[in-house]
Amino acid sequence: MTYTKDQFSENLFWDVHFEDIDFQKHAPYVVQRILEYGADQDWRQLVSIYGLNRIGEVAMNLRSLEPRAMSFIAAITNHFKEDFRCYTLKQLNQQPWTY
């Protein structure tokens, strides 16, 4: 199925050519963008494209995700934050404090 740029907020895919996005192949990119920067209508469109289970699977394997977005998707999909790859990578790579 093809999607148009009008179905999403204009700020989501500003750095790529929208026509080049393959929604099946680039699912991690699309899910991360919408979780971090999307509006309510973008979220609804994302759920209609992938379904909640697939969104949860993709989000659990992302290398980075904003804490707010991770908490949201963890609550929606009934997973623990510790199940997410971005959570465990963040814990392993803590930066020293800067004063």
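R68: more than 18 Å from T2 (Cα to Cα), among the charged types (D, E, K, R) and not in a helix (DSSP H, G or I), yes or no?
For R68, the condition - more than 18 Å from T2 (Cα to Cα), among the charged types (D, E, K, R) and not in a helix (DSSP H, G or I) - is not met.
Given the structure, is L62 crowded, with 18+ Cβ neighbours inside 10 Å and modelled with pLDDT of 90 or more?
Details: crowded, with 18+ Cβ neighbours inside 10 Å: yes; modelled with pLDDT of 90 or more: yes.
It is true that L62 is crowded, with 18+ Cβ neighbours inside 10 Å and modelled with pLDDT of 90 or more.
How about segment 54-65: which of its residues are of a type outside the set (V, I, T), outside any loop (DSSP other than H, G, I, E, B) and touching a Leu at 6+ places or on another chain (Cβ under 9 Å)? Outline the logic, then answer.
As a first pass, look at segment 54-65 and keep what is of a type outside the set (V, I, T): 54, 56-57, 59-65.
If we keep only those that are outside any loop (DSSP other than H, G, I, E, B) as well, we get 54, 56-57, 59-60.
Within segment 54-65, just A59 meets the criteria.
When you scan segment 4-53, how many residues do you find that are open to solvent by 80 Å² or more (accessible area, probe 1.4 Å), assigned to a helix (DSSP H, G or I), modelled with pLDDT of 90 or more and basic (K, R)?
Total meeting the criteria: 1.
Any idea which residue in segment 76-98 is nearest to R44 (Cα to Cα), counting only those that are open to solvent by 90 Å² or more (accessible area, probe 1.4 Å) and modelled with pLDDT of 85 or more? Write out each step before concluding.
Filtering segment 76-98 for residues open to solvent by 90 Å² or more (accessible area, probe 1.4 Å) gives 78, 80, 82, 85, 90, 92-98.
So of that shortlist, the ones also modelled with pLDDT of 85 or more come out as 78, 80, 82, 85.
Numbers: N78: 18, F80: 23, E82: 26, R85: 24 Å.
Ranking the candidates gives N78 first.
The values are calculated or read from the model by the stated rules, or taken from the named source; none is laboratory data. Please read all numbers here as calculations on a predicted model, not as lab measurements. When we count neighbours, we look across all protein chains shown, and the Cβ atoms used for this are built from the backbone with ideal geometry, even at glycine. For the accessible areas, the whole protein counts, side chains as well, though only heavy atoms, and no ligand, DNA or RNA atoms are used. Shrake-Rupley method; radii C 1.70, N 1.55, O 1.52, S 1.80 Å.
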